[in-house]
Amino acid sequence: MPQKIDMHAHHFPHLTQAEAAILNAESGPWLRIDPDGERGQIMAGDKPFRPVNRVLWDAHARLEEMDAQGVDIQISCATPIMFGYSAPPKVAADWAQRMNDHALKFASANPERLKVLAQVPLQDLDLACAEASRAKATGHVGVQIGNHLGDRDMDDPHLVDFLVHCANNDIAVLVHPWDMMGGARMKKWMLPWLVAMPAETQLGILSLILSGAFERIPRSLKLCFAHGGGAFAFVLGRVDNAWKHRDIVRQDCPNLPSSYVDRFSVDSAVFEPRALRLLTEVMGAERVMLGSDYPFPLGEQQIGQLVADAEFLSVAEREDILAGNARRFFGLG
């Protein structure tokens, strides 16, 4: 069987409400575990945020599930509610270090199979760069960041400078959508996750391309966008057409938008063969990595099955998406 490296999974440490209050006494995230120890609830202060089960916080249960799913290595990152971007910078920096230490403790159950990405206090450039470098030195294989800071998107000079730091220090970056757009218009039916989350992802990509930010970022940057890049692959033809015919689109972007697909990677969490086919045709199979969004309900339930069953891919392409690309991207040897 081909090896499987799942590079997009999440964890949440067993935080108490008292520990969460260090970040924010009213809305800090913590974990309320049911008496049976199998299920629980992520809480935001006193408010329930998301029901979860044991594999989110128990590394040994995670390893058992990985065995059942045939996953050799899993790269896990914080659940985005843990980011702490609205906190005062020093508070957020202390919180990020604490959460990153929790992540390493999670991975210590089997460091060869459990790898982790760090979080950083992204609202402060110096503190974010310092924590990214510290995290790399202590064993994290990269960092995860949200796709925006309030109304500041990926093209913001602050965020671009952080990406430059990561490029110059060989720190891999996973960009994850969070704090989704839409507000009250995303009424129910999980619309924030079904509509706004893909939109946030492609917004992050296009803000880097159309702003000319990629001209300022070293090509050495290892950058990946989660959730298959949102709808980026589907709308790229529309973007190229706009660039050709509207000077306002190309005023800051010196090259055809589709020429920038070699500057970043995406995960494979698109859930449908036709979507995966389009994604690999647009991005190239060498820039797609297996990502499940495990262990949440909207993640791939049989990790890697979509890629394994993709007859339109060659054997070599399937093996690269399932493991080889992530091994090279994260320097796993």
(message) Just checking, does the range 196-219 include any residue being over 17 Å from the mean Cα position of the chain (by Cα), of a type in the set (S, T, N, Q) and surrounded by fewer than 16 Cβ atoms within 10 Å (Cβ to Cβ)?
(response) no
(request) Among the residues of the range 284-331, write down those that are surrounded by fewer than 21 Cβ atoms within 10 Å (Cβ to Cβ), among the hydrophobic types (A, V, I, L, M, F, W, C), modelled with pLDDT of 95 or more and under 18 Å from the mean Cα position of the chain (by Cα). (result) none
(request) Please find, within the range 73-94, the residue that is nearest to Asp6 (Cα to Cα) out of those that are crowded, with 19+ Cβ neighbours inside 10 Å and more than 16 Å from the chain's Cα centre (by Cα). (result) Ile73
(message) Taking the conditions exactly as written (surrounded by 18 or more Cβ atoms within 10 Å (Cβ to Cβ), over 19 Å from the mean Cα position of the chain (by Cα) and either touching a residue at least 12 places away in the same chain (Cβ under 8 Å) or closer than 21 Å to Leu117 by Cα (or both)), does Met43 satisfy them or not?
(response) yes
(message) Can you tell me which of (1) out of contact with any Phe, Trp or Tyr (no Cβ under 7 Å at 6 or more places or on another chain); (2) crowded, with 22+ Cβ neighbours inside 10 Å; (3) over 30 Å from Glu319 (Cβ atoms) is the one Gln97 doesn't meet?
(response) (2)
(message) Given the criteria among the charged types (D, E, K, R), in a helix (DSSP H, G or I) and free of Cβ contacts under 8 Å to residues at least 24 places away in the same chain, does Asp240 qualify?
(response) yes
(request) Note down all Cβ pairs under 6 Å where the first residue falls in the range 86-113 and is closer than 18 Å to Ala18 by Cβ, the second is outside any helix (DSSP H, G or I) and among the polar types (S, T, N, Q), and they're at least six residues apart or on different chains. (result) Met99/Gln119
(request) Could you list, in sequence order, all residues of the range 261-277 that are out of contact with any strand residue (DSSP E or B) (no Cβ under 8 Å at 6 or more places or on another chain) and either surrounded by fewer than 19 Cβ atoms within 10 Å (Cβ to Cβ) or in contact (Cβ under 8 Å) with a residue 60 or more places away in the chain (or both)? (result) Asp262, Phe271, Glu272, Pro273, Arg274, Ala275, Arg277
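The values are calculated or read from the model by the stated rules, or taken from the named source; none is laboratory data. Quantities reported herein were computed from a predicted structural model and do not represent experimental measurements. FYI the Cβ positions are ideal-geometry reconstructions off the backbone, even for glycines, and counts take in every protein chain you see.
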